[in-house]
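Note sheet for the following structure.
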Amino acid sequence: IFFLLGLILRSNSKTLARLALATDSFKKGEHSVRMVVTGNVEAQALATTFNNMADEVQTLLVSLRHSQRVQSEQLHFTWQLLTALPIPIFFKDSEGVCQGVNSAWEQMFDIRAADMVGRPMQAFLNATSQSGQPLSKVAADKQVQEINMPTAAGKMLDAIYYRATFTNVEGMPAGCIGALVDISER
């Protein structure tokens, strides 16, 4: 009886050692690792279960990488589109902190995007609209206002200010996008 118990324990310890080795390899990023399906019925069942789990995780990882790549390409395209527009555009979060500006904004106000991002937009949005209100106080989504504000060149810019709220994936307001269209020549 002791001899048989010893054989069973030895067999199970080898199976558990193979499982531990396969699990460690999987944790280290070797997602193609699989256990050899050999041994007694329990060892074969354990190896088969591990292999099935590894197949599912590997499939999910491939799908996740593909989704991330697609989203990255979409974000890259969107940013290229916004950068190519000749209209100064900014993005701020719901707290009023600048999240980004395009190159037209950088040129008009002679400030680098890196110097704007993470800072409050309040100072840049204190221009006066036709109604006499500061641009930072212009209310409501998709609001359109005529404004007058100084540029980096020192001239006063007559512009139409477009403001639109953007939302997060749950549909909750997350900030706003603002654009200025120069109408000075008009």
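The values are calculated or read from the model by the stated rules, or taken from the named source; none is laboratory data. Just so it is clear, the structure is predicted and the values come from calculations on it, not from any experiment. A quick note on method: Cβ atoms are made from the backbone with ideal geometry, for glycine too, and the neighbour counts reach across all protein chains shown. Note: accessible area is taken over every heavy atom of the protein model, side chains too, but ligands, DNA and RNA are not part of it. Shrake-Rupley method; radii C 1.70, N 1.55, O 1.52, S 1.80 Å.
Would you mind telling me which numbered condition in (1) open to solvent by 100 Å² or more (accessible area, probe 1.4 Å); (2) farther than 30 Å from Ala152 by Cβ; (3) of a type outside the set (Val, Ile, Thr) Leu5 fails? Only one criterion in (1) open to solvent by 100 Å² or more (accessible area, probe 1.4 Å); (2) farther than 30 Å from Ala152 by Cβ; (3) of a type outside the set (Val, Ile, Thr) is unmet by Leu5, namely (1). Evaluating Phe91 against the criteria (1) hydrophobic (A, V, I, L, M, F, W, C); (2) over 24 Å from Asn148 (Cβ atoms); (3) modelled with pLDDT of 90 or more leaves one unmet condition, (2).
For region 80-100, filtering for residues that are out of contact with any strand residue (DSSP E or B) (no Cβ under 8 Å at 6 or more places or on another chain) and either in a helix (DSSP H, G or I) or among the polar types (S, T, N, Q) (or both) leaves 4. Within region 147-180, the set of residues being touching a residue at least 60 places away in the same chain (Cβ under 8 Å) and either over 26 Å from Thr78 (Cβ atoms) or open to solvent by less than 50 Å² (accessible area, probe 1.4 Å) (or both) comprises Ala174, Gly175, Cys176, Gly178, Ala179, Leu180. Applying a threshold of 8 Å to beta carbon distances and a minimum spacing of six or more residues, or different chains, the list of pairs starting in region 17-32 at a residue that is among the polar types (S, T, N, Q) and ending at one that is at pLDDT 90 or above and surrounded by 11 or more Cβ atoms within 10 Å (Cβ to Cβ) reads Thr23/Phe50; Ser25/Val33; Ser32/Gln58. Counting the residues of region 24-50 that are assigned to a helix (DSSP H, G or I) and closer than 20 Å to Val62 by Cβ gives 4. For Thr78, the conditions (1) over 30 Å from Ile183 (Cα atoms); (2) surrounded by 10 or more Cβ atoms within 10 Å (Cβ to Cβ); (3) among the β-branched types (Val, Ile, Thr); (4) without any contact (Cβ under 8 Å) to a residue 12 or more places away in the chain are fulfilled apart from (1). Are any of the residues in region 32-43 farther than 30 Å from Leu157 by Cα, of a type in the set (Asp, Glu) and open to solvent by less than 90 Å² (accessible area, probe 1.4 Å)? Scanning region 32-43 turns up no residue that is farther than 30 Å from Leu157 by Cα, of a type in the set (Asp, Glu) and open to solvent by less than 90 Å² (accessible area, probe 1.4 Å).
Scanning region 109-134 for residues being at pLDDT below 85, in a helix (DSSP H, G or I) and open to solvent by 30 Å² or more (accessible area, probe 1.4 Å) gives a total of 3.
Each residue in region 91-119 was checked for being over 20 Å from Gly154 (Cα atoms) and out of contact with any Pro (no Cβ under 9 Å at 6 or more places or on another chain), and 8 pass.
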